[in-house]
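These notes are about the structure you will find just below.
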Amino acid sequence: MNGLKVLLVVNAEWYFWSHRLALAQALQAVGADVTVAAAVERGYDKAIRSVGLRFVPLSLRRRSTSLRMESASLLELQHLYRQIAPDLVHHFTIKPVIYGSFAARMAQIHHVVNTIPGLGSTFRTNTWKQRLVRSGVSAAYRLALAGDHVRVIFQNPQDRDYFVEHRLVVENRSTVIRGSGVDLTTFHPAPESSDLPVVLLASRLLWDKGVQEFVDAAHLVYQTRVPCRFVLVGIPDDENPNSVPETVLRRWHAEGVVEWWGLRNDMPTVLQQATVVTLPSYYPEGVPKILLEAAATQRAIVTTDTPGCREVVQHGRTGLLVPPRSAKALAAAILTLLEDAALRHQLAAAARVCVEEQFEEKLVIGQTLAVYHALLQSH
């Protein structure tokens with residue numbers, strides 16, 4: 001790939017930094033000329049440039065539905081592609097995938113890779129308005145993903161099956177690469193703290209990540225008088241309509257229901273402080289990175305029996321699965337792990353082995369580069 005011009009297009013720069021930085025650096029290591037394009041939401045553009053990557057800010061807004069702004073985003077991408085003339089462009093998340101694929105076609109980019117990291121809220125809810133939106137998004141996906149020059153990467157087989165069954169993608173132009181991987185050196189096993197046990201939920205603070213169920217489970221566990229602390233890590237996502245308001249988070253913290261630690265950039269340290277890591281999500285996940293990081297840190301996990309989460313946790317072997325939207329089941333699973341140290345350590349050790357064998361960052365990057373090679377050689 002020496003000299004190959006690669007453009008990585010992501011919805012937000014913080015997402016690139018947390019999920020795809022290692023891919024960009026791996027591309028640089030094999031001689032590729034890499035440019036990153038993303039909207040700037042949290043100021044990570046400076047960090048991206050500081051590691052030697054070329055960065056282009058985009059005006060893309062995740063929450064926008066304005067026809068004028070969306071048309072402007074499409075034209076902005078088309079102009080960028082013509083200006084950079086990449087040999088290969090890789091899009092991540094819904095708007096970059098759809099708009100970027102159309103822009104690539106207009107700019108005559110011949111090698112396009114699209115990663116769909118979960119179906120997102122559009123494919124979850126079932127109100128008449130959401131069905132209408134889903135119909136439009138599905139039609140856009142069908143057009144965007146068409147063409148022999150396009151390859152699509154899904155993070156779990158259920159999402160790929162959905163797209164194939166609904167004829168949104170051709171099966172032989174798609175593959176499953178489970179997640180963005182985890183750095184097993186940065187996230188490594190550490191002994192549990194001897195302090196009061198910590199039950200952790202670290203995520204974008206969206207209602208459909210199970211935040212309310214986590215808080216309700218905290219109430220139920222506290223009633224049993226089993227000593228522990230419930231901790232929320234993360235911040236509201238202003239670009240998502242399902243974001244938990246900051247006023248609610250501050251109220252919970254003041255009431256002592258949960259501790260809200262806000263945004264943390266030292267996740268290895270945060271996870272080492274945890275006794276049990278939870279993700280009671282009913283959001284249509286790809287493969288949640290926090291579960292990979294928790295497993296790599298050798299922490300016991302409780303998550304929901306849903307696509308994406310099931311990719312990491314096998315019930316009773318690498319963690320515990322509970323039904324979505326059930327605070328009672330979540331609390332019971334947490335109590336089981338808090339009260340049974342032997343089971344907790346057994347599941348945590350098995351989770352570490354699982355990520356070593358299946359989710360190590362270099363493995364995932366190698367699978368992604370293999371998609372690039374195959375696409376480049378086919379044209």
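Only residues that are at positive phi and modelled with pLDDT of 95 or more were counted across segment 75-107, and they come to 1.
Here's the yes/no breakdown for (1) without any contact (Cβ under 8 Å) to a residue 40 or more places away in the chain; (2) assigned to a helix (DSSP H, G or I):
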{"residue": "T247", "(1), (2)": "yes, yes"}
{"residue": "E285", "(1), (2)": "no, no"}
{"residue": "A329", "(1), (2)": "yes, yes"}
{"residue": "H345", "(1), (2)": "no, yes"}
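Say whether the condition of being in contact with a Pro (Cβ under 8 Å, 6 or more places away or on another chain), touching a residue at least 24 places away in the same chain (Cβ under 8 Å) and surrounded by fewer than 16 Cβ atoms within 10 Å (Cβ to Cβ) is met by at least one residue in segment 180-187.
yes
If you filter segment 41-74 down to residues that are of a type in the set (A, V, I, L, M) and closer than 16 Å to H91 by Cα, you find that the one that is modelled with the highest pLDDT is V56. Picking from residues in segment 158-179 that are in contact (Cβ under 8 Å) with a residue 24 or more places away in the chain and assigned to a helix (DSSP H, G or I), the one that is nearest to H19 (Cα to Cα) is D159. When A85, A37 are screened for being crowded, with 19+ Cβ neighbours inside 10 Å and among the small types (G, A, S), only A37 passes.
One residue alone among R105, R42, R49 is part of a loop (DSSP other than H, G, I, E, B) and either out of contact with any Pro (no Cβ under 9 Å at 6 or more places or on another chain) or surrounded by 18 or more Cβ atoms within 10 Å (Cβ to Cβ) (or both), and that residue is R42.
Part of a helix (DSSP H, G or I) and under 19 Å from A218 (Cα atoms): does that describe L271?
On the way: part of a helix (DSSP H, G or I): yes; under 19 Å from A218 (Cα atoms): yes.
Taking the combined requirement at face value, the residue satisfies it.
Condition check for L196 on (1) among the aliphatic types (A, V, I, L, M); (2) surrounded by 13 or more Cβ atoms within 10 Å (Cβ to Cβ); (3) farther than 30 Å from V113 by Cβ: one failure, at (2). Identify the single condition in (1) of a type outside the set (A, V, I, L, M, F, W, C); (2) surrounded by 15 or more Cβ atoms within 10 Å (Cβ to Cβ); (3) in contact with a Pro (Cβ under 6 Å, 6 or more places away or on another chain) that E246 does not satisfy, given that it satisfies every other one. Looking at each condition in turn, E246 falls short on (2). Being touching a Lys or Arg at 6+ places or on another chain (Cβ under 9 Å) and either free of Cβ contacts under 8 Å to residues at least 24 places away in the same chain or surrounded by fewer than 21 Cβ atoms within 10 Å (Cβ to Cβ) (or both) is the requirement here; does D266 meet it? The answer is no for D266. When G147 is tested against the conditions (1) surrounded by 13 or more Cβ atoms within 10 Å (Cβ to Cβ); (2) closer than 28 Å to A22 by Cα, the lone failure is (2).
A quick yes/no check of all residues on (1) over 26 Å from A333 (Cα atoms); (2) modelled with pLDDT under 95; (3) not assigned by TED's automatic domain parsing to the domain that holds A274:
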| residue | (1), (2), (3) |
| --- | --- |
| V176 | yes, no, yes |
| S193 | no, yes, yes |
| S203 | no, no, no |
| D208 | no, yes, no |
| T247 | yes, no, no |
| G256 | no, yes, no |
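Taking residues in segment 225-240 that are under 17 Å from F214 (Cα atoms), and partners anywhere that are buried (at least 18 other Cβ atoms within 10 Å of the Cβ) and among the aromatic types (F, W, Y), the pairs with Cβ atoms closer than 9 Å and at least 6 places apart or on different chains are F230/F214; V231/W260; L232/F214; L232/W252; L232/W260; V233/W260; G234/W260.
Quick check: is even one residue across segment 364-372 within 27 Å of Q223 (Cα to Cα) and without any contact (Cβ under 8 Å) to a residue 60 or more places away in the chain?
To start, the set of residues in segment 364-372 that are within 27 Å of Q223 (Cα to Cα) comprises none.
Within segment 364-372 (the criterion being within 27 Å of Q223 (Cα to Cα) and without any contact (Cβ under 8 Å) to a residue 60 or more places away in the chain), the answer is no, since none of the residues qualifies.
Of all residues in segment 4-31, those that are within 17 Å of E361 (Cβ to Cβ) and touching a residue at least 12 places away in the same chain (Cβ under 8 Å) have Cβ atoms under 6 Å from Cβ atoms of residues that are among the acidic types (D, E) and assigned to a helix (DSSP H, G or I), 6 or more apart or on another chain, in A22/E361. Scanning segment 11-46 for residues that are out of contact with any Leu (no Cβ under 9 Å at 6 or more places or on another chain) and more than 17 Å from S73 (Cβ to Cβ) yields W14, W17, S18, H19, A22, A29, G43, Y44, D45, K46.
The values are calculated or read from the model by the stated rules, or taken from the named source; none is laboratory data. These numbers were taken from a predicted model, which means no experiment stands behind them. Every residue, glycine among them, receives a Cβ derived from its backbone with ideal geometry; neighbour counts consider all protein chains shown.
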